Amino acid sequence: MAEQYKSLHPIKYYRDYLAHGIRPDGREFNKFRPILLNVGSIDTADGSAIAKVGNTTVVCGIKAELCKPKPDAPKCGFLVPNLELPPLCSPKFRPGPPSDQAQVLTQLIADIIENSKCIDLNDLCIFQDKLVWCLFVDFVCLDFDGSVVDACIVSLLGALKTAKLPFVEYDPALDNIQVNMEERKHIKVHSTPVSTTFAVFDDKVILKDPTQEEENLCSGILTVVFKDDELCCVHKPGGSPLTQEELSQCIEESKERTLFIKRLIDTAV
Amino acid sequence: MPVDHKRINGPDETYPYSLYAKTNKQSLNEKHEDIKRTGQRSDSRTFLEHRKIFIKTGVVSQAKGSAYIELENTKVIVSVFDPREIPNRPDYSLKGEIYCEFKYAPFSCNKRRLHIQDTEEKQYSAIMKQALESTVCSHEFPNFQVDIYAMVLHNDGSCLSAAITAAGLALAHAGVPMYDIITSVSLGIQQDNLFIDPTNEEQSICLYPRTLDTDHGNVIISKLHMHNQISQFYQSGNISLEKINEAIGILDKTCEELVPVIQKYLVKHVIRNLKDREAK
Amino acid sequence: MALCEAEKTFVLHGVEENFRVDGREREDYRPMELETDIVSHAFGSARLRLANTDILVAVKIEVDVPFPESPHQGKIEFFVDCSANATPDFEGRGGEDLAVTISSTLSSAYSSSLAFDLRKLCILHGRKCWKLYVDILILECGGNLFDAVSLAVKAALWNTQVPFVKNINIDGNNVEINVADDLYACERLDVKKAPVMVTVCKIGDKCIVDPNAAEEQCSVGSVVVAVSGNKFSTVYQTGKGSLHPSTLIESLKLGFEVAKRLDEALWETLSQIQPDQDVGFLK
């Protein structure tokens, strides 16, 4: 009976649950789903990690390649993040070019990486003006069940912190490159950004770490990114307005979570 | 080439660093010599031994059916979705169709893969479709299409056969009516050596001929167990008729060896489902 | 074309009796016509007509950089265009899947260096090589595309003339190639072992080759075999059905025999064509 009610009146179904102070998956409003992080399982990538937030699964793989730097930034390497939402992960997506959602989230992730300065592009320089690293950071979503950005950022850090680059000798006179595959070094990760997603239901109830269903039904989404104890990025793409108190509370709550996620990443690495 | 505005593009030209590796790596020929001399493969399997299989269904919560398969390092995930009306089709079709898409994750291979499906992936999608088409009862869902997506997370050889076996399982998990259990196995051939379930390195060994007029190549077969039918057969390289006959015999046997693994898993799955239902 | 059950039975009985609808036996081909060197702008071309199937192949050559993983090899690329004129089924994007299948089967068949040696297309190790673009145009579709395409491709490659490289100047990272001025100083490709494909079609309990459109409809499954010399270079199963292992082996055998005969016939025809015939008045 509940099944039919749910599919006929999804919003009402949710309201009934929320009126009793609980969510349909048994969580309270401010409870997160369990997080799982597994690093280094893909050895064709230079660094890799799989993050699970509840059902949501994201694999992050880093592949390093060599290239010439841009003339206007001769000491800067490249970091190219891309999030793929393949049709495999949800019936919402069809084969073909990336959906709007994939493009928006990719840009958001790129902004988070840039703003949090977790990677200093100057560290990726091998020889000024001649040779730098280009890190292709590819996220593949395997299960799309809400709060994808949170999972992406966790997997990103897992992958970055375990990534190892080989030692490169460059001879500028001969334009000769030699790579020592045995000797590998970690990349310096300067900060640990942590993102937390909130959903606003019916303009008033705030749900933490929403599932895909909740994201679909809610009236607004908010993503707060903290870097250590500094606020790094707040992303609120429209939706129902929030009062200042509500916003501050969300920020406060995501700050509390930062420590927990940081500890999780450190234990996994 | 037109610029892809929907993704973040890196610099125009990048090179994989392995091209400039200093260490004098063993060439493929030397590796094959080693294998021939010792009679043992680099992961200490015998030539006709399949890698251990790990399978799991229900890994994608949003899909109707899904399966994950692991052959040591090779990792493939497959998901199957609810039937939907065949798009762009004016007339009514009495039979249902299946749509297959095979994709490598960008970081799954030694060389970085691009996001857009390349010709190899398109060909593998077609082979997958060929293998699965005769497995599903397509008359049960007329004018509808079942989408099957396979994603390789880590390529260490025999991805396509792993994807086909997993797709069979994912279809069963999704409750799509099927005639039979499908299993698929790859084989690499170089001279007199046959490698069942080759790793990526062994596949490369089999890619090029060692000498003039030797047998070399890769074979993949998919088999329907109960009906004893081959639903898909693909070979590439340069192989004599006798060798192919031998290969078919061996592959046929190995496919049969995989069936109990799949059966056991399916039975376990059914029992668990029944228990769940009772509990409700 | 749609066939009713009675028509299908008729075709099936014909195959059973070794007397097919158009009077052929099971292993017979329909008449073929082959012309080479018909596209003047191309480096090599051929047109093949197999009953109603009409294929035009043109080969273009360009200088390219070899793949880093195979620095000693040239490149070859196949492109199949299923024109909507060929059959109404190709309208819109209908022919796309088939085109991809044909071109990937071709590249797989030509991939072994024993079938077609790409090393001969290398100009300078790791720096320069020739790239062959093989464009295949399907003008009319009367069944049995794989066989017709493979024959036409082989004939076009046989006809192809690779420019003769006179000298190579290396200056640091720049490589300059000078091609012989004489238009007729060209090299021919070695295509003796280039694969020939045969589609073996299972109808009822028997296997046939060169099915026409009606017979293709009755088939439960077919196998495309590409034979190069006396080896298989590619085997690809097509069609909706599946095959018993023994049927598969049987059809491989049949395909192998027929492909060898077909290859001999093609070679004989090609050797009758006089190479470099003088054409025009400026010669």
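Comparing A:C67, A:C232, A:C118 in a Gaussian network model of chain A, where Cα atoms under 10 Å apart are tied by springs, the biggest mean-square fluctuation is seen for A:C67.
Applying both filters, DSSP loop and at most 16 other Cβ atoms within 10 Å, to the trypsin sites (Lys or Arg not before Pro) of the stretch A:200-258 gives A:K204.
A viscosity of 1.002 mPa s and a temperature of 20 °C, combined with the Kirkwood radius over C-alpha pairs in the Stokes-Einstein formula, give chain B a diffusion coefficient of 105 µm²/s. The mean number of partner chain beta-carbon atoms within 10 angstrom of a residue's beta-carbon across peptide B:99-107 is 6.
Relative to the dominant Cα principal axis of chain B, helix B:159-174 is inclined by about 10°. The order of C:C201, C:C122, A:C218, going from fewest to most other C-beta atoms within 10 Å of their C-beta, is C:C122, A:C218, C:C201. Look at B:S66, C:S83 and count the other Cβ atoms within 10 Å of each Cβ; fewest to most, that gives C:S83, B:S66. Using a Gaussian network model on chain C with a 10 Å cutoff between Cα atoms, which of C:S104, C:S113, C:S222 fluctuates the most? Between C:S104, C:S113, C:S222, it is C:S113 that shows the largest mean-square fluctuation.
Approximating the spin labels as points 7 Å out from Cα along Cα→Cβ, the B:L212-to-B:Q263 distance works out to 5.1 nm. Placing unit charges on each Cβ (+1 for Lys and Arg, -1 for Asp and Glu) gives the stretch C:166-283 a dipole about its Cα centre, and among C:M197, C:V220, C:T238 the Cα reaching farthest toward its positive end belongs to C:V220.
Note down the relative contact order for chain A as a percent, whole number, built from C-alpha pairs under 8 angstrom at least six residues apart.
19 percent
Angle of helix B:28-38 to the longest C-alpha principal axis of chain B, folded into 0 to 90 degrees and rounded to 10: 90°.
Protection proxy ranking for A:69-82, B:127-140, using the average of other Cβ atoms within 10 Å per residue and placing the highest first: B:127-140, A:69-82. Listed values for the stretch A:135-144 are Karplus-derived 3J(HN,Hα) couplings in whole Hz (6.51 cos²θ - 1.76 cosθ + 1.60, θ = phi - 60°), namely 9, 8, 9, 10, 9, 10, 7, 9, 8, 9, and x replaces Gly and Pro.
Kyte-Doolittle mean at least 1.0 and Cα extent at least 15 Å along the axis: which DSSP H helices of chain C qualify?
Within chain C the helices that satisfy the rule are C:145-159.
When the helices of chain B are scored as -39500 (n - 2.57) per DSSP H run of n ≥ 4 and the total is divided over every residue, the value at 222 nm lands at -10500 deg cm²/dmol.
For the pair B:N88 and B:Y15, a Förster radius of 41 Å applied to the C-beta separation gives a FRET efficiency near 0.50, rounded to the nearest 0.05. Where the centroid of each part is defined by its Cα atoms, how far is the stretch B:84-100 from the stretch B:35-50 in Å? A separation of 46 Å, based on Cα centres. The string of couplings for the stretch B:40-49 from the Karplus curve (6.51, -1.76, 1.60, θ = phi - 60°) is 9, 7, 5, 9, 6, 8, 7, 4, 9, 9 Hz, one whole number per residue in order, with x for Gly and Pro.
For a quick check of your reading of the filter: which chymotrypsin sites (Phe, Trp or Tyr not before Pro) in the stretch A:1-30 sit in a DSSP loop and have no more than 16 other Cβ atoms within 10 Å? Those that pass, being in a loop and sparsely packed, are A:F29. Shielding of peptide C:249-258 by partners, expressed as the average count of other chain Cβ atoms within 10 Å per residue Cβ, is 2. Dipole of the protein assembly as shown computed with +1 at Lys/Arg Cβ and -1 at Asp/Glu Cβ about the Cα centre; of A:A268, B:L187, B:Y104, farthest Cα towards the positive end is A:A268. Here the stretch A:168-208 is scanned for amide nitrogen atoms under 17 Å from the site 7 Å beyond the Cα of A:H9 along Cα-to-Cβ, giving A:202. The GluC sites (Glu not before Pro) of the stretch A:141-215 include none that DSSP puts in a loop with a beta carbon having at most 12 other beta carbons within 10 Å.
For the stretch C:82-92, 3J(HN,Hα) computed residue by residue from phi via the Karplus equation (6.51, -1.76, 1.60; θ = phi - 60°) reads 8, 5, 5, 6, 5, 7, x, 5, 7, 4, x Hz, glycine and proline entered as x.
Size of the dipole of the stretch A:128-269 about the Cα centre, Lys and Arg at +1 and Asp and Glu at -1 on the beta carbon, nothing else charged, in debye to 20?
Dipole of the stretch A:128-269, to the nearest 20 debye: 440 debye.
Per residue of chain C, the DSSP helices (runs of n ≥ 4 H) give a summed -39500 (n - 2.57) that works out to -8500 deg cm²/dmol at 222 nm. Note on the protein assembly as shown: semi-axes of the ellipsoid equivalent to its C-alpha gyration tensor, largest first and rounded to whole Å, are 49, 36, 25.
With contacts taken as Cα pairs under 8 Å and at least 6 residues apart, the stretch C:5-272 reaches a relative contact order of 19 percent. With helices as the sole contributors, chain A gives -9500 deg cm²/dmol at 222 nm; each DSSP H run of n ≥ 4 counts as -39500 (n - 2.57), and the sum is divided by every residue. Which of the pairs B:K6/B:K64; B:K75/C:K75; B:K243/C:K202; B:K56/B:K268 have their Cα atoms more than 21 Å apart in this structure? Among B:K6/B:K64; B:K75/C:K75; B:K243/C:K202; B:K56/B:K268, the Cα-Cα distance tops 21 Å for B:K6/B:K64; B:K75/C:K75; B:K243/C:K202.
Which angle between 0 and 90 degrees, to the nearest 10, do you get for helix B:119-133 versus the longest principal axis of chain B when only C-alpha atoms count? The helix B:119-133 is inclined about 50 degrees to chain B.
Here the residues A:F198, C:F67, B:F81, ranked from fewest to most Cβ neighbours within 10 Å of their Cβ, fall in the order C:F67, B:F81, A:F198.
Which whole-number percent is the relative contact order of chain B (Cα, under 8 Å, 6+ apart)?
About 17 percent, as a whole number.
Taken about its Cα centre, the stretch B:1-115 carries a charge dipole of roughly 320 debye when the Cβ of each Lys and Arg holds +1 and the Cβ of each Asp and Glu holds -1. For the stretch C:5-272, the alpha-carbon radius of gyration amounts to 1.09 times the rule-of-thumb value 2.2 N^0.38 Å expected for a compact globular protein. Charge tally for C:H41 (other residues, Cβ to Cβ under 14 Å; Lys, Arg +1; Asp, Glu -1): -2.
Each peptide among B:266-275, C:21-30, A:97-106 gets the average number of other Cβ atoms lying within 10 Å of its residues, and from highest to lowest they stand as A:97-106, C:21-30, B:266-275.
Charges at C-beta only: +1 for Lys and Arg, -1 for Asp and Glu. How large is the resulting dipole of chain A about its Cα centre, in Debye rounded to 20?
280 debye
Grab the other residues whose beta carbon is less than 13 angstrom from that of B:I239, score K and R as +1, D and E as -1, and report the net. It works out to a net charge of -3.
Other protein chain C-beta atoms within 10 Å of residue C-beta, averaged over A:73-86: 3. If you take the beta carbon distance between A:D123 and C:F10 as r and set R0 to 56 Å, what does 1/(1 + (r/R0)^6) give as a FRET efficiency, to the nearest 0.05? After rounding, the FRET efficiency stands at 0.15. Of A:K130/A:K164; A:K92/A:K236; B:K95/B:K253, which ones are farther than 26 Å apart at the Cα? From the list (A:K130/A:K164; A:K92/A:K236; B:K95/B:K253), the Cα-Cα distance tops 26 Å for B:K95/B:K253.
GNM remark for chain A: springs join alpha carbons under 10 Å apart, and the peak mean-square fluctuation among A:I187, A:I206, A:I11 falls on A:I11.
Readers should treat all values here as calculations from the given coordinates under stated rules, not as data from a laboratory. Bear in mind that the values here come from a model prediction, so they are computed numbers and not experimental data. A quick note on method: Cβ atoms are made from the backbone with ideal geometry, for glycine too, and the neighbour counts reach across all protein chains shown.
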